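To start, the structure under review is shown below, and the notes come after it.
No value in this document is a laboratory result; all are computed from the given coordinates. Keep in mind the model is a prediction, meaning the values are calculated, not measured. When we count neighbours, we look across all protein chains shown, and the Cβ atoms used for this are built from the backbone with ideal geometry, even at glycine.
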């Protein structure tokens, strides 16, 4: 390959990155350059831009370091919103930056959700934090607008387990929500008291997930057969591994649909809300008064019907990820040792099921979906 062709290839790649990251809109004049001078010009344009690399998350989600935060708001008023129409209440979010200085951000705080918002289900509701764009510039929350905050419903370990599931899925695919763990002191301004200090985590905005994957988020009807094949196989098998059956494609239940720009390829589904997964084992996910031994196993495969040969590649993919999964769980120092053992033990059982060829038809053939299922559903 000639040097001139190499230069052209490098220029093309840089231009593609610029297009994806929307740094500039008009680039036609740059394509006239055919030498290293063009590369230098492009590098000047891109210098200092944190988003040049495709897939690079925003600053908040570009680290696994735990943030210590104080969140102040009228939580007495917020509690009343759990059974009424939720609205934003004034609040303050404080944290220490890398220089050790206190950063204070004025935010809006609102209760959110459906199931976990119910006071009979959770002692404390999940929250939405609304940031002010001018205030967050240059801070840890730079480029953030509204973020979901997953809070402790009752037991703190449930938050940590759900956080761990998100981290595991980040290893499966970039089509996944990034999360950032925080140790938060919740302060009620109306009573001037600290409610508690617990672990919680921020969930990446869906449009940011789409942007770093060069996709757009679309809320439209589709079936599993409309999705990109291998990414959906991996999603469905992962949900089986963690024991989550609280998702459905056609209703977009606990799924975000991402469509490539220009509809150049099939869409992909991105899962969220793993709190009802068997691995998380949330107290509210089990019927009251039913002994644990009588509860149905939550490991249910809800994907498309495939043959064993068709799923073998996906199974091999997850078998190779098994050591990495265990490494991630073992490395979470904030999770109690016994809880980490429970998570790994749950995954071990799941892996045992996908390794057992004699259980394939029982595990992956009895509950899978066919096109006929969707045709019948459309006739109703």
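Regarding the range 194-259, what whole-number volume in Å³ per residue does the convex hull of its Cα atoms give?
Per-residue hull volume (Cα only) is 142 Å³.
Quote to one decimal, in nm, the extra length available between residue 229 and residue 120 on full extension: 0.36 nm per residue of separation minus the C-alpha distance between them.
Gain in length upon complete extension: 35.3 nm.
Once fully extended, how much extra length lies between residue 308 and residue 76, figured as 0.36 nm per residue of separation less the alpha-carbon to alpha-carbon distance?
Stretched fully, the residue 308-residue 76 segment lengthens by 78.1 nm.
Compute the FRET efficiency between residue 253 and residue 154 as 1/(1 + (r/R0)^6), taking r as their Cβ-Cβ distance and R0 = 30 Å, and round to the nearest 0.05.
0.80
Could you sort 273-284, 70-81 so that the peptide with the highest average Cβ count within 10 Å comes first and the rest follow in order?
In decreasing order of mean packing, 273-284, 70-81 become 273-284, 70-81.
Label-point separation (nm) for residue 265 and residue 185, each offset 7 Å from Cα along Cα-to-Cβ?
With each label point 7 Å from Cα toward Cβ, the separation is 4.7 nm.
Let's test the formula: R0 of 51 Å, r as the Cβ-Cβ distance of residue 90 and residue 319. What FRET efficiency results, to the nearest 0.05?
It comes to 0.50.
Given the Cα-Cα distance of residue 356 and residue 103 and 0.36 nm per residue of separation, how much length would full extension add, in nm?
Fully extending the segment from residue 356 to residue 103 adds 85.8 nm.
Within the range 256-275, which residues have the backbone N less than 20 Å from the label spot 7 Å out from residue 345 along Cα→beta-carbon, could you tell me?
The answer is none.
Hey, could you grab the Kirkwood Rh for the range 215-379? Inverse mean 1/r over distinct alpha carbon pairs, Å, one decimal.
17.3 Å
Quick one: if the Förster radius is 35 Å, what FRET efficiency do residue 367 and residue 63 give, using the C-beta to C-beta distance and rounding to 0.05?
With a Förster radius of 35 Å, E is 0.35.
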